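A short write-up of the structure that comes next.
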Amino acid sequence: MNPKRKQRLLIILGLVAALGVAVGLVLYALSQNINLFFTPTQIADNQAPDSRIIRLGGMVAEGSVERDPESLEVSFEVTDFQNQVRVTYTGILPDLFREGQGVVVQGRVLNRQLQATEVLAKHDENYMPPEVTEALRQSGQLDKLKGMTQ
Amino acid sequence: MILPEIGHFALVLAFAIALCQAVFPIYGYYTQQEGFMATAKPLAVMQGLALALSFGLLMYGFLSHDFSLKYVADNSNLDLPWYFRMSAVWGAHEGSLLLWALILALWGVAVSLLSRGIPEKMGSLVLSVMGMIAVGFLAFMLFTSNPFVRILPFMPGNGADLNPLLQDPGLIFHPPMLYMGYVGLSVAFSFAVASLISGEFDSSWARWSRPWTVVAWAFLTIGIALGSWWAYYELGWGGWWFWDPVENASLIPWFIATALMHSLAVTEKQGLFRRWTLLLAIAAFSMSLLGTFLVRSGVLTSVHAFANDPERGVFILGFLVVVVGGSLTLYAVRASKVSTPGEFGWISRESFLLFNNLLLTVMAVSVLLGTLYPLLVDALGGDKVSVGAPFFNAVFVPLAAILVSGMAFGPLSVWRQSDDPKLFRPLIVTLIVSILGGLLWPIIFENEFATGTAIGVSLAVWVAIATQIDVFRKVRAYGSLKTLLARVERGIIGMWMAHLGVAFMIFGVVMVENHTEHRDLRMGAGDTQVLGRYDVRMKGIEIIQGPNYMADQATFEIYEGEHLYKTVYPQKRRYNASSMVMTEAAIDSGFTRDLYIAMGEPLGGGDWAIRLSVKPFVNWIWGGAFLMGFGGFVSITDQRYRRRAKKSGASAEAGGAAA
């Protein structure tokens, strides 16, 4: 092998090795850091693990928001019109958080309740997070959503 | 009432012109008819004019409240101020595509006006490829996303208003800048495809496409920074980067474009990495198309996603497949003909730039994997998952640290062989100084020690000093700073600015991430809270009336000891037309810190949820990014880009003097 070819071979081997290591690390990091999505019915059925951070999607149930008068604690129910899950959260809710609107919540399950670390509401009136649509599709209540947005 | 029809007609006309622009020059190229090839430039200019007319008329529709246009009725309102009516043109899907198409056409016009130094054959092939891209996008608009759809005869009396989130100066600047970058990468792509078609791969190809790549990269850098800044003060509750899929969609082409810029330097100066550079040029634009697909199809949960429309997603996906598949097939067939002459030593500028390219590519691939993973799992019938910031931080931060530690070596090394130890000797002292800097910084800044900060500050100092060493060496070589600035290749000055920008940015990032003081509180009138070295007192809340909104406005007095430092007024707005609620944070911006006060929601009894933060050195993040982008603009002012093709020897000479 001439030196030029040898160099090229070494570079390519190095590149492949580096990419392989990188992809391996990425996949490992993914397995540690993905958040599984659950519907209110799945959590009510105890299907969600309590050791990991999960995502819950659905609609904020009408009349369910309760505030602590002293602190920033707030709780509300997320529903897919079949089952409800109570969510507790400490902090400031997003501007577009409202009763009867879609919401995605991230947190840990404890006694079939969700302790939220993050509450995500949509940023556009006409936009519905895919997770929420999915939750309502699974509970067979998608037509309720359609009735509301039109 | 006829004007929108003219706008629509201009759009159709632009489509027809783009079709001609795509077909005629390449037909002329294959049949060797110069007359056909010569149509490229006038057609590109005509396409630009037609789209400018179309865009102008859509904007006129907004300014004149023409609610017979569905797009205007959906995104404007009688009360919307005129400047937001102008930017509302690109505030939603259809109009932002029109902006995309217009910018693509303007890049085409720029290429046809500024390509006098490029042989006719090459220039017309480049414009032909750009025409093909335009055909795809204009067809997409005309068939799925026409902004000129009318609501006749019963047009609404008032519009639904622009999304309040977008009623901000950020919308005026961020999308056009970002699109200039995204779409600008199509020029480098077209050059690469044109040279694959023509089979001419010498370094002149790299010299021609280099300034276009650098400008597109500079726009992309500034566009991303503006977006981050906008998110910070408007929707982010004080965050500056969220690893949102759409942010990632802009970051992936940025990594590839950065790699391309460095690899083009090797191809231009040394004639090496030719195939790799071609591949990067194809990948950069493909990634920006992928970004467009992710944003426009609504397949991912994101702040940028508009209402879902599967048909649009399918169209862009098809277009993506054609562009990526077509160009990669061409590459596969032709690239084996590219010869790469010459070799380089293991320790050489080529090696360091290869290292840079390797890391940037790995970063792009890992961000891409993380972004697409939920889609892949879903498509394979798996669970619904989401990938959040912890993943991206875990992967990105170490890679960035390795990349940045290598940044010191590239500029100090020389081409081919750099085994002279004198080249790198100053880096030993630099290493010691930067580690000491990282360790001592908490004492200077009077904050607690954090490992991340120590490493980050060390890296920032490392890059900054290494850049200074390069500057000093060149000053000595040229005799004085004045001669240096007058004579040195502008690309070198641009590189210094960009590398310093990276140092500033790292510093800002580690300070904000590790030392932000942040509190969510319940506050009522008369309450005082401590914030850093300030006392923040909430005086009261009043209701004020804006042009198209009502707002609860709080008055906060910030005291420094006994002395009143500043009074600020955060707001909670409710927009009349959409009844959407928006937070307007009050930010006291400074060189070493931002004070951030935002209102949450009313908690009853006159109390409000209030967010108070001190964000140290947060402006350095965007300052650094702007310096990087500005460096890009400086580097294209180099004289050699203004000379005709015959003086191609001059650039090698300038490069030799610089090294």
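The values are calculated or read from the model by the stated rules, or taken from the named source; none is laboratory data. All values derive from a computational prediction rather than experimental measurement. Glycine also receives a Cβ, built like all others from the backbone with ideal geometry; neighbour counts cover every protein chain displayed.
Results, tabulated for the structure shown:
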| item | result |
| --- | --- |
| Wholly within the range B:23-118, helices (runs of 4 or more DSSP H) carrying at least 1 residues that are small (G, A, S) and in contact with a Gly (Cβ under 8 Å, 6 or more places away or on another chain) | B:34-37, B:40-63, B:70-75, B:93-114 |
| Exclusive hit being under 26 Å from the mean Cα position of the chain (by Cα) and crowded, with 24+ Cβ neighbours inside 10 Å, set B:A40, B:A88, B:A110 | B:A88 |
| Within the range A:66-92, considering residues that are among the hydroxyl-bearing types (S, T, Y) and under 20 Å from A:L110 (Cα atoms), the one farthest from the other protein chains (Cβ to nearest Cβ) | A:T79 |
| Residue within the range B:583-598 that is in contact with a helix residue (DSSP H, G or I) (Cβ under 7 Å, 6 or more places away or on another chain), over 25 Å from A:E73 (Cβ atoms) and at pLDDT below 90 present | no |
| Which listed residue is part of a loop (DSSP other than H, G, I, E, B) and either modelled with pLDDT of 80 or more or at the interface with chain A (Cβ under 9 Å from one of its Cβ atoms) (or both), from B:V303, B:V333, B:V323 | B:V303 |
| Yes/no for B:I610 being touching a Leu at 6+ places or on another chain (Cβ under 8 Å), facing chain A (nearest Cβ under 10 Å) and not in a loop (DSSP other than H, G, I, E, B) | yes |
| Answer residue from the range B:368-388, given it is more than 9 Å from every other protein chain (Cβ to nearest Cβ) and at pLDDT 80 or above and is surrounded by the most Cβ atoms within 10 Å (Cβ to Cβ) among those | B:T371 |
| Subset of the range B:491-526 (residues that are within 14 Å of chain A (Cβ to nearest Cβ) and in a strand (DSSP E or B)) | B:H518, B:R519, B:D520, B:L521, B:R522, B:M523 |
| Top-ranked residue of the range B:592-606 - restricted to ones that are over 15 Å from B:A554 (Cβ atoms) and more than 12 Å from every other protein chain (Cβ to nearest Cβ), ranked as surrounded by the fewest Cβ atoms within 10 Å (Cβ to Cβ) | B:T592 |
| Of all residues making up the range A:42-65, the number that are surrounded by 18 or more Cβ atoms within 10 Å (Cβ to Cβ), more than 10 Å from chain B (Cβ to nearest Cβ) and in contact with an Asp or Glu (Cβ under 6 Å, 6 or more places away or on another chain) | 3 |
| Helices (runs of 4 or more DSSP H) within the range B:381-472 that include 2 or more residues in contact with a Gly (Cβ under 6 Å, 6 or more places away or on another chain), of a type in the set (D, E, K, R) and farther than 30 Å from A:G107 by Cα | none |
| Hits in the range B:519-569 (condition: closer than 30 Å to A:R67 by Cα and among the charged types (D, E, K, R)) | B:R519, B:D520, B:R522, B:D527, B:D535, B:R537, B:K539, B:E542, B:D552, B:E557 |
| The range B:390-407, subset of a type in the set (A, V, I, L, M) and either facing chain A (nearest Cβ under 9 Å) or touching an Asp or Glu at 6+ places or on another chain (Cβ under 6 Å) (or both), residue nearest to B:T361 (Cα to Cα) | B:L399 |
| From A:R137, A:R108, residue being closer than 17 Å to A:T39 by Cβ, more than 10 Å from chain B (Cβ to nearest Cβ) and modelled with pLDDT under 85 | A:R137 |
| Exclusive hit being under 27 Å from B:A160 (Cβ atoms) and out of contact with any His (no Cβ under 7 Å at 6 or more places or on another chain), set B:L19, B:L49, B:L13, B:L63 | B:L63 |
| Residue check, B:S351 facing chain A (nearest Cβ under 10 Å), under 29 Å from B:S418 (Cβ atoms) and small (G, A, S) | yes |
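Quick grid of which residues meet (1) of a type in the set (A, V, I, L, M, F, W, C); (2) surrounded by 16 or more Cβ atoms within 10 Å (Cβ to Cβ); (3) more than 14 Å from chain A (Cβ to nearest Cβ); (4) under 18 Å from B:I610 (Cα atoms):
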{"position": "B:T528", "(1), (2), (3), (4)": "no, no, yes, yes"}
{"position": "B:L531", "(1), (2), (3), (4)": "yes, yes, yes, yes"}
{"position": "B:D535", "(1), (2), (3), (4)": "no, yes, yes, yes"}
{"position": "B:K539", "(1), (2), (3), (4)": "no, no, yes, yes"}
{"position": "B:G546", "(1), (2), (3), (4)": "no, yes, yes, no"}
{"position": "B:V568", "(1), (2), (3), (4)": "yes, yes, yes, yes"}
{"position": "B:S578", "(1), (2), (3), (4)": "no, yes, no, no"}
